[in-house]
Each structure stands twice: as C-alpha cells, then as structure tokens.
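Comments concern the structure below.
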Amino acid sequence: MGRQGPPGGTPGSTAGGTPAATGANGQARRGFFGNCFGCGMRYCLSMPKLFSPNLERAGRILRAVLGSLLLVGGIVAMFWQVAAGMILLASGAFVLFEAARGWCFVRACGIKTRI
C-alpha cells in the first residue's frame, strides 16, 4: 500500500496527490521495484527472471571445468603478475557461480549458445 496523500486528499492517492496505479486485481502496483517483505528494502522485480536457470547438465559441467581451470590459472599467475591473477581468480569464481546456479550470463542477455 502506498503512503497516503496530504490531509484532505483523495483516498488511494500517493504522497504526491496522484492516484495510485492499480493492477488487474485492484491492488496497488509497485512498478519496477518491490519491497522486501515490507521491511523497506527495495529490489528489482525482474531479477528472479534474470537469474532463472538456463543451462542443461552439459553446460554446467563445461562451466565447472572452465571455472576450475581459471582458478588454477589465477593461482599460478599470481606468482608473476598479481593483477592478471586477480582477474583470472574473479573470472573463475564467476564461472563456478554460473555452474552452481545453472545460469549463463550470456544466455540471460539473449545470445544463443551451443552448450
């Protein structure tokens, strides 16, 4: 429920005095952002769709192997170039996150991949 308008305002109006947008069921729409269980924290309503699993078993296995290789390469690269090692470690951690979640960043952006 939105904040009520100034005293004497119309019922159902927001703080600015404009009518609150309602959905098909008559409840107030929250727009692009929602509240986290009423605690006041805001989150993007499209995020659950963004992080929905979009990989099959073969893609997850491939990403797990690639992530492991990137982590090993990052550890080895730390002896010669710290910045390169950190980049490889961060990349490996992200690819392992993709494998564990079953989610691919490239596919989430709409690009078709083979695996």
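The values are calculated or read from the model by the stated rules, or taken from the named source; none is laboratory data. What you see is a predicted model; the values in this text were computed from it and never measured. As a convention, Cβ positions derive from the backbone with ideal geometry for all residues, glycine included, and neighbour counts pool all protein chains shown.
Quick notes
- Annotation: of all residues in segment 50-61 being in contact with a helix residue (DSSP H, G or I) (Cβ under 9 Å, 6 or more places away or on another chain) and exposed (fewer than 14 other Cβ atoms within 10 Å of the Cβ), the one that is modelled with the lowest pLDDT is LEU50.
- Scan of segment 80-103 for residues that are among the polar types (S, T, N, Q) and surrounded by 13 or more Cβ atoms within 10 Å (Cβ to Cβ), ordered by number: SER91
- Exactly one residue out of PHE51, PHE79, PHE105 is within 13 Å of the chain's Cα centre (by Cα) and free of Cβ contacts under 8 Å to residues at least 40 places away in the same chain, and it is PHE105.
- Which listed residue, of ALA64, ALA77, is surrounded by 14 or more Cβ atoms within 10 Å (Cβ to Cβ), of a type in the set (A, V, I, L, M), in contact with a Leu (Cβ under 6 Å, 6 or more places away or on another chain) and at pLDDT 50 or above: ALA77
- Filter pass, ARG114 being within 16 Å of ARG63 (Cβ to Cβ), surrounded by 14 or more Cβ atoms within 10 Å (Cβ to Cβ) and either touching a residue at least 24 places away in the same chain (Cβ under 8 Å) or among the charged types (D, E, K, R) (or both): no
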